[in-house]
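Next up is a structure, given as structure tokens.
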Amino acid sequence: KSTLTCAAKTCYDMRITGTVITGKGEGSTYIARPGYRRQFQRRFGMQPFPGTLNLKLQGENVERFRSLQNEPGIQLQSFTDNNQMFGAVSCFPCSVTDAVEGVVVIPARSTYDDVMEIVAEVCLRNLLGLKDGDKIAVEIRLEV
């Protein structure tokens, strides 16, 4: 693992670049669940914005993302809510466009292998003025 950049407190181990896309709209449903929100608060000290920023990956960025899926990360535990099971999630602290701290989330039961989802305390699209088709870089911390 090589460190790409080091800020005052945080060193990042992996850079993934992707294209902003509109997701399936399911992220907000999951992020709004109290079981996940409590764990985000406890693990990352944040109340996440109810939605994810989705990045479509290509080429070597897909390979990097697949290798990230094999890292342990910080685990959010599965839970049951109204007799419905919500699965575990692997999380990795990140920096989006070197500007905003967030968390890459990889659900255990993900349907994506070429789309990376990011959670932050704010709507990243609005804060960074992002629209579908924009290319952005995300720096990810592996050693947590």
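Would you call PHE92 assigned to a helix (DSSP H, G or I), aromatic (Phe, Trp, Tyr) and either open to solvent by less than 50 Å² (accessible area, probe 1.4 Å) or modelled with pLDDT of 95 or more (or both)?
No; evaluated as a whole, the condition is false for this residue.
Just a yes or no: is a residue in the stretch 78-88 assigned to a helix (DSSP H, G or I) and either within 24 Å of ALA137 (Cβ to Cβ) or touching a Ser or Thr at 6+ places or on another chain (Cβ under 6 Å) (or both)?
So far as the stretch 78-88 goes, no, none of its residues is assigned to a helix (DSSP H, G or I) and either within 24 Å of ALA137 (Cβ to Cβ) or touching a Ser or Thr at 6+ places or on another chain (Cβ under 6 Å) (or both).
Quick check on my filter: what residues within the stretch 95-108 are assigned to a loop (DSSP other than H, G, I, E, B) and under 20 Å from THR19 (Cα atoms)?
THR97, ASP98, ALA99
OK, next. If only one of PHE79, PHE65 is of a type outside the set (Lys, Arg) and more than 15 Å from the chain's Cα centre (by Cα), which one is it?
That would be PHE79, the only listed residue that is of a type outside the set (Lys, Arg) and more than 15 Å from the chain's Cα centre (by Cα).
Report whether or not ASN54 is in a strand (DSSP E or B) and in contact (Cβ under 8 Å) with a residue 24 or more places away in the chain.
In short, yes.
Looking at ASP134 and the list (1) open to solvent by 30 Å² or more (accessible area, probe 1.4 Å); (2) closer than 13 Å to ILE16 by Cβ; (3) acidic (Asp, Glu), which single condition is not satisfied?
(2)
The values are calculated or read from the model by the stated rules, or taken from the named source; none is laboratory data. Since the model is a prediction, treat every value here as computed from it, not as a measurement. Note: ideal-geometry Cβ built from the backbone for every residue, glycine included; neighbour counts use all protein chains shown. For the accessible areas, the whole protein counts, side chains as well, though only heavy atoms, and no ligand, DNA or RNA atoms are used. Shrake-Rupley method; radii C 1.70, N 1.55, O 1.52, S 1.80 Å.
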